[in-house]
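For reference, the structure is listed below as structure tokens.
Coordinate-derived values only; no laboratory data. Just so it is clear, the model here is predicted, and its values are computed rather than measured. Note that each Cβ is placed from the backbone with ideal geometry, even for glycine, and that neighbours are counted across all protein chains shown.
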Amino acid sequence: MPISRIKEPSLNRIKCTACGLVNFSTSEVCRRCEAPLADEASMSPALQSDVPPELHSSEGGRSFGRWLVWIASVTITILASAYASLILTSEGLTSDERQTVKNAIVVLERAGFTSDASALSRLATFRRTDNWWNRYVGHQTAFAATNYPFAVVTLYPAFFRFPVDDIERASILLHEASHLFGGREEEALQRVWESKQRLGWTEARYSGTRVWKNTREWTKGAIPAFFSCGPDNQSDCFE
């Protein structure tokens with residue numbers, strides 16, 4: 001007469017989060033470290049043995065909210081690390097250079113460019129030498145450069161050497177303020193050239209300076225329509 005076998009019910013296992021020992025589901029404390037196992041009893045065996053409990057939501061997986069927090073944390077970490085690398089691989093301004101920048105920002109504020117002046121004063125981090133990114137990508141002969149969205153503004157020796165006064169330095173900073181807000185090079189050139197009368201930066205007073213000549217050349221190359229006025233159709237439309 002064949003003997004029938006009675007299948008014994010398999011017991012669920014609980015993995016101790018403290019020491020990793022697998023215990024029976026009926027255990028209330030770990031056999032090794034005596035840590036409480038009550039919180040793990042409601043979990044499924046597959047999750048108990050493979051995944052740490054802090055990663056699970058009530059539906060057995062990471063919740064949407066936790067995914068958003070995780071993504072935001074990773075993004076902030078990457079941006080903070082990138083910003084730190086730009087600062088650590090460049091040099092800050094000297095005290096005299098900082099005062100020169102402040103004087104130019106005052107010119108902008110007095111001319112009514114309050115949001116630009118505020119962004120330059122409160123958001124921008126000014127440096128006097130190229131960071132690793134600027135050295136990597138290179139740049140044209142320039143008075144300044146801005147790393148968006150990190151608000152790192154590099155002021156080259158030409159910024160302090162060639163402008164004849166604070167008004168010309170203010171025009172350069174107005175250009176960089178456009179980049180602080182995400183503006184492209186053409187947009188920055190356009191804004192400065194349209195605003196030069198408001199700044200008091202006029203051809204009658206500054207036509208012979210290097211800053212004027214360079215800015216006019218760059219603007220004409222980017223926006224030729226600005227220089228198609230007058231009887232000869234070759235005059236500055238903003239003079």
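Which far-off residues, 5 or more places away or on another chain, put their amide H under 5 Å from the one on residue 144, with H placed in the peptide plane?
Sorted by chain and number, the residues that satisfy this are 156.
How far apart, in nm, are the 7 Å Cα→Cβ label points at residue 239 and residue 98?
Output for this residue pair reads 4.0 nm.
With only alpha-carbon atoms in the gyration tensor, what are the semi-axes of the equivalent ellipsoid for segment 92-227, in Å, largest first?
21, 17, 15
Whole Å is fine, so just give me how far the alpha carbon centre of segment 172-196 lies from that of segment 71-90.
Segment 172-196 and segment 71-90 have Cα centres spaced 26 Å from each other.
Just subtract the alpha-carbon distance of residue 85 and residue 63 from 0.36 nm times their residue separation and send over the number in nm, one decimal.
Once the chain is fully extended between residue 85 and residue 63, it gains 4.6 nm.
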